[in-house]
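Contents: one structure, followed by commentary.
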Amino acid sequence: MDYKAHFQSAVDSVKAEGRYRVFADLRRKRGQFPQALWRAPDGNDRDIVVWCSNDYLGMGQNPVVLDAMHDAVREVGAGAGGTRNIAGTTRFHVRLEEELADLHAKEAALLFTSGYIANEATLSTLAKILPDCTYFSDSLNHASMIEGIRRSNGAKHIWRHNDVAHLESLLENTPANASKVIALESVYSMDGDVGPLREVCDLADKYNALVYLDEVHAVGLYGERGAGVAEREGLMDRIDIVNGTLGKAFGLMGGYVAADAVIIDAIRSYAPGFIFTTALAPALAAGAAASIRYVKEHKELRVKHQERAVRLKTLLREANLPVMPSETHVVPVLVADPVACKAVCDRLLLDHGIYVQPINYPTVPKGTERLRLTPSPLHDDVLMEQLVSALRQVWDQLGLSARAA
């Protein structure tokens, strides 16, 4: 058996489809987001502007966050010392979970190493606890939710994206005594649309189901204190389990779920993805807690963030560029071809010092390849005008369509 040949064939197949991913060697500049340095193929560093970061508010550069992390390192050192069950629970982790529970108006929260792991571990565990558990998953749910439901070995139904009539038809044909979990996202990160939270909560009440809501691309960005779309819509008390991340609007790393204390206690006790994983470094927990406190208190960040997204969409439309419909901060620009999508990103980087990564299959369906632009409060009008001008030039150079999605 020529093992290497099989691995090479797999890589060659991805390259042949035009969706092979090349990672740019970047070095962010502290205090200067979205500016960064890119190590070019010639070995030299070049100044670039980052337009695809999920550090939506620039909190990864906020002095309040950095100071909290530095203080934690000086106080307790680097690592947590092990899993939470053995040696890795510190006062920093406890405080962070208290902040998260408060953010979502829940009794408790539980930290994980990423939002992906939080989804996978929690959803895969629910069916081990709930009798005859049946999942009802939106068709565009994140890969982590899909994997968690798959690993649960529970029954599952996939409802058409945001189609509550289809969801109800599935619920009403499920035995009344079966446990039911409806899983959806608040903000779908590739199209920028919003899940039908209120209608789903109504169906959950009618059919005695739990609501599991992924707010990963909404925490920090929506609601009076940044708890997400559920807070904005006044629905936090109707969401049974909320999943979020520390790696996007809060600018660090990690994920979590928040819920009633008994639910969190059960997940803590049964989820292998929590039990057997080394805890987040105390400095990360300290920085995240500081970030959450700051974001809760600074609504103007959310206001500015939304204004920037609206401004960029307007400029793209005025330049006759195919910006896709989006009701949130996500700004997708349709290319509809994987090779062309990478070519656009390559030219933006090499010729204009603008960093955007192509979004190709399997992240999005084939034929919907796109750029995913993420303006922050720190992307000013000058940067936006430079981006739109560069995109217009590249679009013309490559002979791409101006057709909007």
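Note on the chain: the alpha carbon radius of gyration divided by the globular reference 2.2 N^0.38 Å gives 1.01.
Loop-located GluC sites (Glu not before Pro) in segment 55-113 (DSSP state other than H, G, I, E, B) with a sparse environment of at most 14 neighbouring Cβ atoms within 10 Å: Glu107. Computing FRET efficiency as 1/(1 + (r/R0)^6) for Ile129 and Ala78, where r is the C-beta to C-beta distance and R0 is 35 Å, gives about 0.50.
Neighbours of Ser139 by Cβ distance under 13 Å: Lys/Arg scored +1, Asp/Glu scored -1, total -3. Using 0.36 nm per residue and subtracting the Cα-Cα separation, the extra length available between Val339 and Val11 on full extension is 116.5 nm.
So if each residue of separation counts as 0.36 nm, and I subtract the Cα-Cα distance between Arg317 and Asp47, what length gain in nm does that give? Working shown, then result.
Numbers: separation 270, 0.36 × 270 = 97.20 nm, distance 2.74 nm.
Length difference between fully extended and current span is 94.5 nm.
Restricting segment 233-276 to chymotrypsin sites (Phe, Trp or Tyr not before Pro) that sit in a DSSP loop and have at most 15 other Cβ atoms within 10 Å of their own Cβ leaves Phe276.
With the convex hull built on the Cα atoms of segment 280-342, state its orientation-averaged projected area in nm². Please list the in-between numbers first.
Values: hull surface 27.6 nm².
Average of the hull's projected areas for segment 280-342 equals 6.9 nm².
Stokes-Einstein D for segment 1-130 at 20 °C, 1.002 mPa s, Kirkwood Rh over Cα pairs, in µm²/s? Working shown, then result.
Details: Rh = 19.6 Å.
Using the Kirkwood radius from Cα pairs, D works out to 110 µm²/s.
Derived from the Cα gyration tensor, the three semi-axes of the equivalent ellipsoid of segment 93-238 are 23, 18, 15 Å, largest first.
A simple spin-label model places pseudo-atoms 7 Å from Cα toward Cβ; at Asp205 and Gln35 they are separated by 5.3 nm.
Over 19 Å apart: what share of the alpha carbon pairs of segment 335-405 falls there, rounded to a whole percent?
Working: 816 of 2485 pairs.
Considering segment 335-405, 33 percent of its Cα-Cα pairs are separated by more than 19 Å.
Taking every DSSP helix (H) stretch of at least 4 residues in the chain, weighting each as -39,500 (n - 2.57) and dividing the sum by the residue count yields a mean residue ellipticity at 222 nm of -13500 deg cm²/dmol.
For segment 1-89, which whole percent of the accessible surface, found with a 1.4 angstrom probe, sits on carbon and sulfur atoms?
Working: 2940 of 5640 Å².
Exposed carbon and sulfur together represent 52 percent of the surface.
Accessible surface area normalised per residue over the chain is 44 Å², counting heavy atoms of protein chains with a 1.4 Å rolling probe. For segment 135-207, applying the loop criterion from DSSP together with a ceiling of 16 other beta carbons within 10 Å to the trypsin sites (Lys or Arg not before Pro) yields Arg160. Our Cα-only numbers for segment 177-229 put the radius of gyration and Dmax at 12.2, 38 Å. Size descriptors for segment 199-350 (Cα atoms only): Rg and Dmax, in that order, 19.1, 55 Å. The spread of Cα positions in segment 120-203, taken along each principal axis and listed from longest to shortest, comes to 34, 27, 16 Å. Couplings 3J(HN,Hα) of segment 26-33, computed from phi: 10, 9, 5, 9, 4, x, 10, 3 Hz, in residue order, whole Hz [Karplus 6.51 cos²θ - 1.76 cosθ + 1.60, θ = phi - 60°; x for Gly and Pro]. Rounded to the nearest angstrom and listed largest first, the equivalent-ellipsoid semi-axes of segment 257-300 from its Cα gyration tensor are 26, 16, 6. Between Val216, Val187, Val22, the residue with the greatest mean-square fluctuation in the GNM of the chain (Cα pairs under 10 Å linked by springs) is Val22.
Multiplying the residue separation of Gln397 and Lys304 by 0.36 nm and removing their Cα-Cα distance gives an extension gain of 30.2 nm.
The values are calculated or read from the model by the stated rules, or taken from the named source; none is laboratory data. Keep in mind that what you see is a predicted model, and the values were worked out from it rather than measured. Quick reminder, even Gly has a Cβ in these numbers, built from the backbone with ideal geometry, and neighbours come from all protein chains shown. Surface areas here come from the heavy atoms of the whole protein model, side chains and all, with no ligands, DNA or RNA. Shrake-Rupley method; radii C 1.70, N 1.55, O 1.52, S 1.80 Å.
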